[in-house]
Amino acid sequence: MTTATLAPVAELDLCLDRVAAIDPDRLGADGQAELLQALCRAEARVASAKFRVLAAADRSRAGARSGAASTGQWAARLANADQATAHREIGLSQGLERRTATRSALAIGQISVEHARVIVGADQKLPDGLGAVQRDLVESALIDQARTLSPAALRKAARRALAAVEKDTAVVDAHENELVRDEEEVARAKTRLSLHDNNDGTVTGHFTVPTLHGHLLRKIFETMTAPRRSRLGATVAQSGDREARADWDRARGEAFCEVIEHLPIDRLHPKTAATLVVTLDHDTLRDALKVAHLDTGESLSAGEVRRLACSSRLLPAVLGGASLPLDLGRSARLFNEAQRVALGIAFKTCAADGCERPFAWCELHHLTEWSRGGSTDLTDAVPLCHFHHQRIHDHHYGHVRSPDGAISFHRRT
């Protein structure tokens with residue numbers, strides 16, 4: 001290779017030296033925004049040139065000529081990069097060879113590398129019977145969307161990319177459902193959980209779960225950490241340490257412990273600790289191939305929705321129906337489910353003053369402790385969230401109950 005061939009690369013190095021000399025702190029907000037956008041365009045253009053080189057090297061079998069097992073291994077060695085990353089880049093470079101409009105958009109910095117990856121992936125998932133002209137129309141529509149959507153948003157929109165050339169909504173729905181179903185199958189195959197005892201009183205874990213279950217966890221933890229434990233301006237005795245509550249990683253960790261402690265291990269399958277709202281119509285629930293949407297923004301295939309529907313349960317509070325024994329006196333140590341349902345009509349949240357944690361998360365506490373002669377009757381029951389139930393049994397704190405049933409805590413002197 002001649003020096004003249006590499007001259008543009010040398011000029012690029014000089015330009016980057018001048019860019020590095022720019023002081024962003026002296027530009028102001030408008031100047032920083034303009035510089036950032038320009039650098040993003042330049043980054044996309046440089047990446048486009050890199051993918052062209054990778055595609056050419058793959059065609060010429062440059063890796064094999066140098067003794068490498070593959071082009072990806074060859075590229076990883078030259079760039080001192082991970083082989084997995086290099087192999088993904090080889091795959092994208094090959095896809096860009098087939099999708100010339102996407103390659104051109106990347107080359108002028110109109111879209112990012114991640115946008116290009118989404119568009120190439122969407123093309124690979126289109127129905128086999130689609131012609132070249134139709135594929136070009138789908139590609140063009142996705143490029144237009146990439147100008148305003150983030151890669152994550154474009155990835156969701158790309159599931160319905162077929163709509164650019166298919167007017168039958170049912171066909172588009174069925175194709176989207178097939179894509180989501182395939183994603184679910186891949187996700188299940190990737191599901192893992194590992195736990196490590198740190199031998200210091202803690203256990204560290206790492207898990208990978210499908211998006212559905214990840215959003216279930218996220219919704220549980222965010223909901224559990226969001227409600228106030230007391231009224232504004234309440235004492236530390238009532239609401240807990242403010243600094244600890246502001247540490248969200250710790251708060252989610254404590255919520256995780258709370259969930260573990262309340263898992264119904266004797267009957268795990270019939271009950272769920274949290275509910276995700278699924279938007280669907282009757283036809284989808286019955287047999288139509290149509291994606292349903294969660295209130296977290298994710299999607300479920302029709303088959304997954306029907307699987308969840310098989311184990312879903314509703315527990316209506318029917319007044320005036322057949323009665324169940326609600327007062328057990330000293331004959332039972334723990335409150336039963338019927339008592340819990342009855343108490344849930346009177347209480348909507350934890351009984352602690354100002355606490356917003358819903359009744360469903362609460363534990364039933366004996367106002368007069370069982371060990372001191374308390375009875376397992378509704379008149380002696382009060383719902384307390386995990387935090388306030390711990391506090392009411394903490395000898396460092398006292399509590400009083402107001403006429404309206406709210407419980408306030410104070411530090412013992």
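Numbers for the structure displayed
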{"item": "Residue-count net charge about residue 150 - beta-carbon cut-off 14 Å; Lys, Arg +1, Asp, Glu -1", "result": "+3"}
{"item": "Cα gyration tensor shape of the stretch 22-103, rounded if a/c is under 1.5, else prolate or oblate by comparing a/b with b/c", "result": "prolate"}
{"item": "Percentage relative contact order, the stretch 26-159, counting C-alpha pairs under 8 Å, at least six apart", "result": "23"}
{"item": "Segment residue 34-residue 16, length gained on full extension (0.36 nm per residue, minus Cα span)", "result": "4.8 nm"}
{"item": "Cα gyration tensor shape for the stretch 337-411, rounded if a/c is under 1.5, else prolate or oblate", "result": "oblate"}
{"item": "Residues residue 368 and residue 132, FRET efficiency given R0 of 51 Å [Cβ-Cβ distance, rounded to 0.05]", "result": "0.05"}
{"item": "Around residue 11: net Lys/Arg minus Asp/Glu count, Cβ-Cβ under 12 Å", "result": "-1"}
{"item": "Within the stretch 5-38: backbone nitrogen closer than 17 Å to the residue 108 label point (7 Å, Cα to C-beta)", "result": "38"}
{"item": "Ranking of 200, 353, 82 by count of other Cβ atoms within 10 Å, fewest first", "result": "200, 82, 353"}
{"item": "Length-normalised contact order of the stretch 118-172 in % [C-alpha pairs under 8 Å, at least 6 apart]", "result": "42"}
{"item": "Sequence ranges 165-172, 5-12, 104-111, 179-186, ranked by mean other-Cβ count within 10 angstrom, highest first", "result": "104-111, 179-186, 165-172, 5-12"}
{"item": "Length-normalised contact order of the stretch 337-411 in % [C-alpha pairs under 8 Å, at least 6 apart]", "result": "27"}
{"item": "Neighbour-count ranking [beta-carbon atoms within 10 angstrom, fewest first] of 293, 388, 196", "result": "196, 293, 388"}
{"item": "Tensor-based shape of the stretch 51-148 (alpha-carbon gyration tensor, a/c under 1.5 rounded, otherwise prolate or oblate)", "result": "prolate"}
{"item": "Label zone at residue 171 (point 7 Å along Cα-to-Cβ), backbone N below 16 Å, the stretch 122-152", "result": "126-139"}
{"item": "The stretch 337-411 - charge dipole about Cα centre, Lys and Arg +1 at Cβ, Asp and Glu -1, debye rounded to 20", "result": "140"}
{"item": "Residues 350, 15, sorted so that the one with the fewest Cβ neighbours within 10 Å comes first", "result": "15, 350"}
{"item": "Modelled FRET efficiency - R0 41 Å, residue 43 with residue 262, Cβ distances, 0.05 increments", "result": "0.30"}
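Read-outs throughout are calculated quantities, based only on the coordinates presented, and are distinct from any laboratory measurement. Since this is a predicted model, take the numbers as computed values, not measurements. Ideal geometry is used to build each Cβ from the backbone, glycine not excepted, and the neighbour counts take in all protein chains shown.
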